[in-house]
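Q: Take a look at the following structure, please.
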Amino acid sequence: MYKSQLPVIEQALETASLMLGTDKSRGYCLEMICADFLAGANLEGGNPNALVFSLCRIYKLLPHEQQLELLEEIKGMPCRA
C-alpha cells in the first residue's frame, strides 16, 4: 500500500465498521469488503461458484434475525430460469 491510498482504505474500513457494528475488527471489516467486491465482480460472466461462496459467507455472518429476514425475502422472489 502507498501512503496516498490510506485515506480511501481507512474510509472504507470505517464505513464497513459502521455497517457491521463497531465491535468488529478491522480484519473482519476488510474481509466483508472483499466478499462484497467478489459478489459484485461475479455478477456478470464471472465464476458463479465464487459468487455463491461470497453470498454464503456473508449470510453466515449476519445475525440470526437478519438471516431469517433474508430467507423470507428470497422466498418471496420469483425464480428465473
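Q: Let me confirm something: among Leu55, Leu70, which residue is assigned to a helix (DSSP H, G or I), open to solvent by 70 Å² or more (accessible area, probe 1.4 Å) and among the aliphatic types (A, V, I, L, M)?
A: Result: Leu55 is the single residue among Leu55, Leu70 that is assigned to a helix (DSSP H, G or I), open to solvent by 70 Å² or more (accessible area, probe 1.4 Å) and among the aliphatic types (A, V, I, L, M).
Q: Which ones in region 1-35 are outside any helix (DSSP H, G or I) and open to solvent by less than 60 Å² (accessible area, probe 1.4 Å)?
A: First, the residues of region 1-35 that are outside any helix (DSSP H, G or I): 1-2, 21-25.
Within region 1-35, just Gly21 meets the criteria.
Q: Here's a check for you: in region 1-40, which residue that is closer than 22 Å to Leu51 by Cα and touching a Ser or Thr at 6+ places or on another chain (Cβ under 8 Å) is modelled with the lowest pLDDT?
A: Result: Ala39.
The values are calculated or read from the model by the stated rules, or taken from the named source; none is laboratory data. Keep in mind that this is a model prediction, so the values were computed, not measured. Using ideal geometry, Cβ is built from the backbone for each residue, glycine included, and neighbour counts are taken over all protein chains shown. We work out accessible area using only protein heavy atoms, side chains counted, and drop any ligands, DNA or RNA first. Shrake-Rupley method; radii C 1.70, N 1.55, O 1.52, S 1.80 Å.
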